[in-house]
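The values are calculated or read from the model by the stated rules, or taken from the named source; none is laboratory data. Just so it is clear, the model here is predicted, and its values are computed rather than measured. Neighbour counts run over all protein chains shown; Cβ positions are idealised from the backbone, glycine included.
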Amino acid sequence: MCSPKSASTPRLRSGADAADYDRPIVANSVIHGFFFWGGWSALVAIGTLSLAGVTAVLAWSARGQAATLKQELSDAWAREWAAQRPVVYPVPLPEWTYASEGSAYRLGNARVLPIKNGGRGPAFGVHGEVHTRDPRDGIAYDRQILAGTLGVGDALDARLVPHPGIQHWLGAVGVLRYHDLVGDEWQTRFRVVEGPGNEMSFEINPPVTTAAAGEPELPPADWNAAKPSTTK
């Protein structure tokens, strides 16, 4: 007689299999631990550092661009400033040279010197000096040049003082001094020589700043044998 079959029961795993079967399953435990124990904070910190690095690079780049722009503006200002400087020089008009009849110089050219501002900026405090010698005895004397302010393109007759002015223009040397918009003093040095046909001619040097060139040697060194006089 056959005995009834006993009811089938689930088969339990044994050994390692049983342990695995009974252990709770925790999926992605490493990733979970990462985020659970401060992973987000680490990512935020890394992101902050990256952002800080990018910001530093951008700041460095901005500083570089700002420095370049500043240099460009400085160069542009320097060019503009140079373009605005005054250039004052003597203008030996023919009627002045020959004291032409019917002209403003018909009484002579001893007491005035025509000058002009041919630069692109105003000239302030225009003044100067002229040194010359009497060809008869070699005695040197000097006169002051007084003019004032000259706008761009302005021309005028600068006064020569004291009386009676310059009686002997040939061989004379002089300098005109004036200030630009930023206060720098400029000089235009000149010499009067005998030109072709025994004509009086002015040799005019390019303007220079007093700071760069210093003071001219007036009267010239080879005139030292004759003591200058301001009352001749």
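Miscellaneous remarks
- Among the conditions (1) out of contact with any Pro (no Cβ under 6 Å at 6 or more places or on another chain); (2) over 30 Å from Glu80 (Cβ atoms), Trp96 misses just one, which is (1).
- Positions within region 83-113 being in contact with an Asp or Glu (Cβ under 8 Å, 6 or more places away or on another chain) and assigned to a strand (DSSP E or B), in sequence order: Val112, Leu113
- Residues that are of a type in the set (Asp, Glu) and assigned to a strand (DSSP E or B) were ranked within region 177-206; the one that is surrounded by the most Cβ atoms within 10 Å (Cβ to Cβ) is Glu185.
Yes or no, residue by residue, for (1) closer than 17 Å to Phe202 by Cβ; (2) in contact with a helix residue (DSSP H, G or I) (Cβ under 8 Å, 6 or more places away or on another chain); (3) surrounded by 17 or more Cβ atoms within 10 Å (Cβ to Cβ); (4) of a type in the set (D, E, K, R):
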| position | (1), (2), (3), (4) |
| --- | --- |
| Arg120 | no, yes, no, yes |
| His127 | no, no, no, no |
| Pro135 | no, no, no, no |
| Gly138 | no, no, no, no |
| Gln144 | no, no, no, no |
| Ala147 | yes, no, yes, no |
| Pro162 | no, no, no, no |
| Val175 | yes, no, yes, no |
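- If the condition is being among the charged types (D, E, K, R) and free of Cβ contacts under 8 Å to residues at least 12 places away in the same chain, then region 85-123 contributes Glu95, Glu101, Arg106.
- Filter pass, Pro219 being farther than 20 Å from Trp96 by Cα, modelled with pLDDT of 95 or more and crowded, with 18+ Cβ neighbours inside 10 Å: no
- Long-range neighbours under 6 Å by Cβ, at least six apart or interchain, first residue in the same structural domain as Ala110 (by TED's automatic domain parsing) and free of Cβ contacts under 8 Å to residues at least 40 places away in the same chain within region 194-219, second surrounded by 10 or more Cβ atoms within 10 Å (Cβ to Cβ) and part of a loop (DSSP other than H, G, I, E, B): Glu194/Leu170; Thr209/Asp184
- Residues in region 114-171 that are in a loop (DSSP other than H, G, I, E, B), under 35 Å from the mean Cα position of the chain (by Cα) and either of a type in the set (A, V, I, L, M) or not assigned by TED's automatic domain parsing to the domain that holds Trp186 (or both): Val152 only.
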